1. Using a probe radius of 1.4 Å on heavy atoms only, what accessible surface per residue do you get for the range 213-271? Whole Å² is fine.
2. Enumerate by residue number the GluC sites (Glu not before Pro) in the range 1-101 meeting two conditions: DSSP loop (anything except H, G, I, E, B), and at most 13 other Cβ atoms within 10 Å of the site's Cβ.
3. At 222 nm, what value in deg cm²/dmol follows for the chain if DSSP H runs of at least 4 each add -39500 (n - 2.57) and the sum is divided by all its residues, to the nearest 500?
4. Using the beta-carbon distance between Glu220 and Glu148 and R0 = 30 Å, what value does 1/(1 + (r/R0)^6) give for FRET efficiency, to the nearest 0.05?
5. For the range 206-224, list residues with backbone N below 13 Å from a point placed 7 Å from the Cα of Ser188 toward its Cβ?
6. Compute the longest continuous run of the chain that contains no exposed trypsin sites (Lys or Arg not before Pro); treat a site as exposed when its DSSP state is not H, G, I, E or B and it has at most 15 other Cβ atoms within 10 Å.
7. In debye, nearest 20: dipole of the range 179-227 around its Cα centre with unit charges on the Cβ of K, R (+) and D, E (-)?
8. Where in the chain are the DSSP H helices whose C-alpha atoms run 30 Å or more along the long axis and whose mean Kyte hydropathy is at least -0.5?
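The values are calculated or read from the model by the stated rules, or taken from the named source; none is laboratory data. Keep in mind the model is a prediction, meaning the values are calculated, not measured. Counting neighbours? That spans all protein chains shown, and the Cβs are built from the backbone with ideal geometry, glycine included. The area values use the complete protein model at the heavy-atom level, side chains included, leaving out ligands, DNA and RNA. Shrake-Rupley method; radii C 1.70, N 1.55, O 1.52, S 1.80 Å.
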Amino acid sequence: MTATIIDGKLIAENLRNLLAEKIAALPNKPYLAVVLVGNDPASIIYDRNKQKAAQALGMVCDIYHLPEETPEEDLLELIGRLNNDRNVNGILVQMPLPKHISSAKVIEAIAHEKDVDGFGPYNAGLLHENDPRAMIAATPKGILYLLEHSIGDLSGKHAVIIGRSNIVGRPLASLLLNRHCTVTVAHSKTVDLPKLTQQADIVVAACGCSQMVKKDWLKEGATVIDVGINRIDNKLFGDVDFDDVKEKAAFITPVPGGVGPMTIAMLLDNTYQAYLNQNNNLKKG
Ligand code: NDP
């Protein structure tokens with residue numbers, strides 16, 4: 001078998017085109033505030049890409065770029081101002097933050113209706129409870145979209161997720177459970193991981209271990225989603241050994257061009273949803 005490649009780039013482009021049409025029909029432009037502290041080169045590139053993508057869709061996106069030594073209370077004060085500004089629909093704080101700032105405190109300070117990353121405890125709790133009001137973290141939301149787009153109904157499928165982070169593994173486990181999958185979450189202390197993945201209909205690798213998942217870890221016809229981004233000698237590798245695994249899987253995402261483009265598309269979708277929620281609430285209020 002040679003796997004069908006799930007073209008995340010194309011699927012994300014189609015999603016963005018649909019979003020652009022919906023945004024063009026709105027009376028005002030949705031506004032995304034991106035907060036960046038410090039000068040991490042990768043973070044600067046990520047945020048510029050998000051800004052460009054938001055603007056291309058007809059949104060307004062400003063980057064609030066603060067110096068590395070910004071005190072925690074100044075950052076919290078900015079978030080408070082953005083929370084209270086009716087023109088701001090979504091707030092995203094770029095991680096990682098400098099060490100002297102508590103990211104948990106900062107994430108918790110973002111108004112839950114503007115938490116377009118979905119990392120705050122309120123939205124994580126709603127997702128955990130399968131409440132449709134949850135703002136869902138962009139990467140797992142994108143993965144769910146790719147899975148349903150490729151294999152349709154997920155009910156009854158056994159999914160093994162490698163990684164239990166708050167931004168990928170845990171929210172994805174809730175999402176898949178809510179879609180009636182049987183979910184196994186593996187992590188660095190898991191014993192005999194290949195024995196688990198060999199039983200899976202769906203394997204999601206989100207551990208940051210370059211090309212770890214091999215063909216003999218899978219059952220024939222599994223769907224494999226590779227979240228990993230590992231840069232080695234200026235080349236990008238996923239957590240899956242793509243060339244090996246594509247001989248056995250039914251569907252597989254490439255790196256780059258799989259999950260990555262979906263993450264930005266879903267972030268913008270969350271910003272659009274936040275705009276709609278806030279404007280409906282304003283009308284009601
Ligand atoms: P974290 O480092 O926060 O979490 C990694 C997880 O993988 C942890 O739960 C860890 O276990 C587990 N793990 C590490 N090594 C192993 C191993 N050998 N076997 C099994 N489990 C292991 O990473 P993130 O969740 O933030 O990101 C994961 C990967 O996805 C990274 O490569 C990141 O760059 C990428 N990424 C890609 C995105 C995209 O848009 N494409 C978005 C976000 C992330 P433990 O909990 O025990 O430490």
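1. Working: 2320 Å² over 59 residues.
Normalised by residue count, the accessible surface of the range 213-271 is 39 Å².
2. On the way: sites: Glu13, Glu21, Glu68, Glu69, Glu72, Glu73, Glu77; in loops: Glu68, Glu69.
Listed in order of number, the matching sites are Glu68, Glu69.
3. On the way: 10 runs with 120 residues, N = 285.
Only helices count here, giving -13000 deg cm²/dmol.
4. Details: r = 22 Å, r/R0 = 0.73.
Given R0 = 30 Å and the Cβ-Cβ separation, E is 0.85.
5. Flagged as within label range: 207-209.
6. On the way: sites that count: Arg86, Lys99, Arg133, Lys189, Lys214, Lys219.
Counting only loop sites that pass the neighbour cut-off, the longest clear stretch is 1-85.
7. Details: 6 positive and 5 negative charges, 18 e Å.
Once rounded to the nearest 20, the dipole reads 80 debye.
8. Details: long enough: 259-284 (37 Å, -0.40).
What comes out of the filter, once short or polar helices are dropped, is 259-284.
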